Each structure stands twice: as structure tokens, then as C-alpha cells.
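Below is one structure, written out as C-alpha cells; the observations come after it.
Just so it is clear, none of the values below were taken in a lab; they were calculated from the coordinates. Keep in mind that this is a model prediction, so the values were computed, not measured. Heads up, the Cβs are rebuilt from the backbone with ideal geometry, glycines too, and the neighbour counts pull from every protein chain shown.
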Amino acid sequence: MTTPLSILAVLLHISAAVEAIVFDVPSGSSKCLTEEIRHGAISHASYRVAAESTSSADPRISARVTGPRGEELHLAEAAERGEFRFQAAEDGEHTACFWTPRYERGAVVSVDVQWDTAGARAHAGGTPPAVADDRIASIVEELKKLEDSAQLIHEEMISLRQSEHEMQRLNEETAARIHSFTMLSLAMCVGVAGLQLWHLKAFFQKKRILQN
């Protein structure tokens, strides 16, 4: 059975891999990345055109970053590289979209993005919340609950299977006993009937109703 720590390790590995993302933007379309950011968190990202993976005469990209309400946080047009930094004004999804500045049929521009978000720095209490730690702790707690539930279900299934086998064995023993009792009852009935016939025959012969 997979343990919460092993699943958490996979999640951490995926999280670490997502910090650096390379994706293709076909000319004439856009690609967007979304990050769930808490209020006060500092977000910083850099992006560049990966020239070695680009099939376009114009190796440039345009970028726009918006907040949860659609407010514009960053805008760059026709650039080979760029970066943005902001502090989230509220909780919610922040989106970064990338597109090519002009259409070229069949062209594809590869974009390398590194997006990192740190915990909030300024709160009324003056203590920075460990956002990532809280998320990891909640994930571990949920995984432990799921593992406990799965263990209970597994044990219940084993118990039900054992009860089923015990009931089947009891049914087979009961059927065998009934068969034995039936044969014994039949033999006793045949014996009693034979004794009754012998007694009646002897009685009638004694009264000379029947001849020997």
C-alpha cells in the first residue's frame, strides 16, 4: 500500500519540476499559466524564448499577467525575454498568458518560464505564514486519513470474506447432518414397518386367521 510520505515525495517532485516550465505557443494562439496565490505573497517570474526549440522567423513573445479580478499586473510586447514581480493584493488565481506578436503560418515559439512564489511578508501579526508548509501539512493529513480509511476497508473486506467462508462451511456441515438424519430416519421407519408386519403376521397366525 502506498504511504502518504511516498505520495508526498511525488507531489514535491512534481512541484519542484513545475518551477521551470517549457511549452510551445503556436503562432496565432496563446498559452496561459495559472497560479493560486494568497494575499501578501511575493511572486516573481522570468521568461524567455527558447531559440533552440523555436520554428519561427520572429523569435519573440508577448506576455500579460492579470490578477483575480482581471487587473493587469504586467504587460510586455514582442520581447525575447522578460520578468515580472508583484505582491498579491488578495487571494485568488493569477494568470500569465503568452502569445506571438504576429501570425506566421505553422510557426511555433517555445517559451521557458520560471515562476516562484514566496510566502506573505506583511501581516498584522508581523509573522510570515508558511504557505507551502501549511499546504504540505494539510496534504499529509488528508493522505493519512485516506490511508486509514483504506486500511479499515481492507480489514472489513477480510472480515467479511472470513465470515462468508465460515457460513459456507456451516451450511455444508448442516446439509451433511440433515442427509445423515434423513437416512437414519428412513432406516428406522423401514425397521419399524418390518417389525409391525412380523408382529401382525404372528398375531394372525396365533388366532389361526392365517395359515403357516
Amide H to amide H under 5 Å from VAL25: which residues, 5+ apart in sequence or cross-chain, H placed 1.01 Å off N in plane? VAL109, SER110, VAL111
If each part is reduced to its alpha-carbon centroid, the stretch 26-63 and the stretch 146-212 end up apart, in Å, by 81 Å
Rank the residues TYR103, TYR47 as a footprinting-exposure proxy: fewest other Cβ atoms within 10 Å of their Cβ go first. TYR103, TYR47
If I model a spin label as a point 7 Å beyond the Cα along the Cα-Cβ vector, how far apart are those points for GLU93 and SER30 in nm? 1.4 nm
Once phi is turned into θ = phi - 60°, what whole-Hz ³J(HN,Hα) does the Karplus curve with 6.51, -1.76 and 1.60 give for every residue of the stretch 138-151, x standing for Gly and Pro? 5, 5, 4, 5, 5, 5, 5, 4, 5, 5, 4, 5, 5, 5
In the stretch 31-81, trypsin sites (Lys or Arg not before Pro) in a DSSP loop with at most 11 other beta-carbon atoms within 10 Å: ARG69
Could you give me the ³J(HN,Hα) list for the stretch 167-182, computed from phi with Karplus coefficients 6.51, -1.76, 1.60 and θ = phi - 60°, whole Hz, x at Gly and Pro? 5, 5, 5, 5, 5, 5, 5, 5, 5, 5, 5, 4, 4, 5, 5, 5
Which residues qualify? For HIS74, with a placed amide H closer than 5 Å and at least 5 residues away or on another chain, they are VAL65
Between GLU90 and residues 5 or more places away or on another chain, the pairs with built amide H atoms under 5 Å apart involve GLY40
